[in-house]
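To keep things clear, I will list the structure first and then write my remarks on it.
The values are calculated or read from the model by the stated rules, or taken from the named source; none is laboratory data. Every value quoted in this text rests on a predicted model; they were computed, and no experiment measured them. Heads up, the Cβs are rebuilt from the backbone with ideal geometry, glycines too, and the neighbour counts pull from every protein chain shown.
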Amino acid sequence: MLYADESGFSLWTPVTYSYYFQGEQKRQEQTPSRGRRVSLLGFFQPLLGFVYGLVIGSFTSERYSKMMDAQAETAQPVLAQTGRMRVIVQDHGPIHTSKAVPQKWPEWEAKGLYLFFLAKYCSEMNPYAFGGAKPYEGEWHQIKAHELGGRMFEDELDLSYAVIDGIEARATAGSYEVERYKFPSQSATLQCSIL
């Protein structure tokens, strides 16, 4: 069972709690532009692994489908050998339920990938999502607060590398494997927007 969720990161990360000179407010330099968002879609299998895709801009249904296709390909030999399905728990986000995506469900299920949808507006049922329920802290919160907290980045590429490093650091600390899904590019323009 894997838990799927998305998150976004910007060049300006939240300022962390800290001390500063008495009578003065903490100040932090900012870049001239807030830049574009770096978005992440991750599949977390507690204590075992984390698979994620990273894009500059927003995740689309097409990119989501490509990652799900890869999960279905991974699930297919397991289904053939053991009869076990790979289950992905996720919310009802727009990219998960857009017009084209439900048409792929039968194909994914035939390969051994089953999608379990949480009840609407109940994201607290996913203990691994940002702001998830205890006893687990949200993975996104941990990356944002501890790996990127209070940092400013010059551009989206620097931010992307910092997110990748943060994910690697979390995996090392948690003793689980991490894998980054790399989107196939079809043009030079697309290649610039996908990491």
### Query
Are any of the residues in region 107-116 more than 17 Å from V51 (Cα to Cα) and within 18 Å of the chain's Cα centre (by Cα)?
yes
### Summary
Going through region 142-172 in order, the residues found to be surrounded by fewer than 20 Cβ atoms within 10 Å (Cβ to Cβ), among the β-branched types (V, I, T) and within 17 Å of D5 (Cα to Cα) are I164
### Message
Can you pull out every residue in region 69-109 that is in a helix (DSSP H, G or I), within 21 Å of F59 (Cα to Cα) and among the aliphatic types (A, V, I, L, M)?
### Response
A70, A72, I95, V101
### Query
In the list E124, E139, which residue meets the criterion of being modelled with pLDDT under 90, crowded, with 16+ Cβ neighbours inside 10 Å and acidic (D, E)?
E139
### Message
Any residue that is surrounded by fewer than 14 Cβ atoms within 10 Å (Cβ to Cβ), modelled with pLDDT of 85 or more and within 16 Å of the chain's Cα centre (by Cα) - is there at least one of those in region 83-97?
### Response
yes
#### Entry: Condition broken by A80, with the remaining ones in (1) modelled with pLDDT under 95; (2) surrounded by fewer than 14 Cβ atoms within 10 Å (Cβ to Cβ) satisfied
(1)
### Message
When you scan region 142-150, do you find a residue that is under 20 Å from L54 (Cα atoms), among the aliphatic types (A, V, I, L, M), at pLDDT below 95 and not in a loop (DSSP other than H, G, I, E, B), even just one?
### Response
yes
### Query
When the residues of region 14-64 are filtered to those that are modelled with pLDDT of 90 or more and farther than 24 Å from P94 by Cα, which remaining residue is surrounded by the fewest Cβ atoms within 10 Å (Cβ to Cβ)?
L48
